[in-house]
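Have a look at the structure below before the remarks.
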């Protein structure tokens, strides 16, 4: 071993089994910092601690943090791979390679399980009978795709219940972007046939779809329905324009994905390009960034390792997995990945490195595109970092701070006629929103009762926030957990929205906790964006158009948005509450059953007899008696 190991780690290393499985590394707070899989757990886990091993700086940092190890034994390496994916999604360990923002990739969802399927953009796939397409790297890409296709395949995205009996259609019907099933202008079969063509088009079968549309146009012309034939003609023209953008890349009609990557040898920054070929046509491409990748190491199949990791993360959430996935470099665990992909797609799956011919040429194109995407991303990151550094330096000088405010916390209060008063705390770290550190406060004291009192609300919120700095930092370090981390952080600057009055409240609260000398605080007037400092009567004006002013405005607007969103959510819940919510034994299911049975009329429920209440599905005698007594 290369150093003195914690007792728990030494004990666990001696107990490791000679079996396949999945392992977790934990730090001193009990946080999962790395998840891995192994064919032989004992050999793989112990290799991290061998003094003779040539570890990368990232691995050395990981080992230095490990305070405990846990593991699961599995029957096969495939089971270990599946479990590894689940644990990484659950814990998001900091030392694992991850797809940037992989939890929020959007999909196009077609609710095929409904009679009249509607189309929407969603962030999660469910096993609900719907058809999903994606993931896409942005909701904008989804919207652009749907806007183009809607002119060819009119579809529903409204909230109407389709009965065919509505007195009038919406605007989309009049501009030929909806078939009008709501008024009976389009039957269920006709509408679903349109959606079936749209799905085929998304899957790349543009030639088949165009052939069917041309047949429909010919039938309309034969029946002398020239207006309908002209409509099909225009839609075919639009469809061909979209299809022409899909490059024909293979003479053989096949489905395949091309996975290529580019990596900066100095920093380890890694971009992945996926070319999607359907029915021999290149129908789209998506770009991704891998977080946590290391700079290439000698004698290591670095590209193969990264490709394998990407395949696990991407195809674990992909709506469609082709039979053939062409890769730039082959992962070491090729057979396990192929077995896992085959299980997910319900049929054979193959990984292959193209060596010659059109496939090799297309892979080289994908590699060049990955390199170009990485270059552009790095340029953007550099520009953002320079702008943020400049803004923090300007703000430091303007406010006469000892150092640039690396962590800024901003507080805002939102209320309406004294009800549901809430507070928000947003955090910017190095000029960037740190959303996992945001806090919401539901005001419980004087500021939430009767006439609104923003000063009392701000005082309560700030006391609750800064009390945590004192209490959490004074607590037993061994009892600290991840949820306490953001509370313990001491900000370099506090901004309170509201000017002189709210600044006075902030000064008062910081003084109560002996933090006034440690934490600079300013007040920001809402109208003219004047900045007030403690003990100074004159306002400070940041230069119009300066990076410091833009940063302060962003922080203030984000605090306001966060507070308003929370306030609206509380009001919405308040408005949808019913007196049934206060009846003991009546939960959401029984409440819904009662309202459905009695047509949503609370007065009918109040006047109902005990036998009437017992006739409601899911009601028992105790619950029925509780309703009678309470109402």
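Of note:
- Principal axis analysis of the Cα atoms in region 107-247 yields extents of 46, 43, 24 Å, listed in decreasing size.
- FRET efficiency, residue 224 to residue 377 (Cβ-Cβ, R0 51 Å, nearest 0.05): 0.35
- Equivalent-ellipsoid semi-axes for region 256-375 (Cα gyration tensor, √(5λ), whole Å, largest first): 22, 17, 13.
- What the Cα atoms of region 152-213 give is an Rg and a Dmax of 12.5, 38 Å.
- Across region 579-630, Cα-Cα distances exceeding 15 Å account for 32% of all pairs.
- In percent, rounded to a whole number, the relative contact order of the chain is 8, using alpha-carbon pairs under 8 Å and six or more apart.
- Eigen-decomposition of the gyration tensor built on the alpha-carbon atoms of region 1-153 gives equivalent ellipsoid semi-axes of 43, 17, 12 angstrom, largest listed first.
- The separation of region 280-355 from region 65-125, counted between C-alpha centres, amounts to 15 Å.
- Ordering of 357-364, 199-206 by packing [mean C-beta count within 10 Å, highest first]: 199-206, 357-364
- Gained length - residue 54 relative to residue 231, 0.36 nm times residue gap less alpha-carbon distance: 56.9 nm
- Estimated Rh, the chain: Kirkwood, alpha-carbon pairs, angstrom: 29.9 Å
- Approximate spin-label separation residue 165-residue 529, in nm, with each point projected 7 Å along Cα-to-Cβ: 5.6 nm
- For the pair residue 89 and residue 539, label points projected 7 Å from Cα toward Cβ lie 5.1 nm apart.
- A convex hull fitted around the alpha carbon atoms of region 7-96 yields 90 Å³ per residue.
- Going from the residue with the fewest nearby Cβ atoms within 10 Å to the one with the most, 454, 557 rank 557, 454.
We did not get these values from a lab; they are worked out from the coordinates using the rules stated. The shown structure was predicted, so the numbers you read here are calculated from the model rather than taken from an experiment. We place every Cβ from the backbone using ideal geometry, glycine too, and count neighbours over all the protein chains shown.
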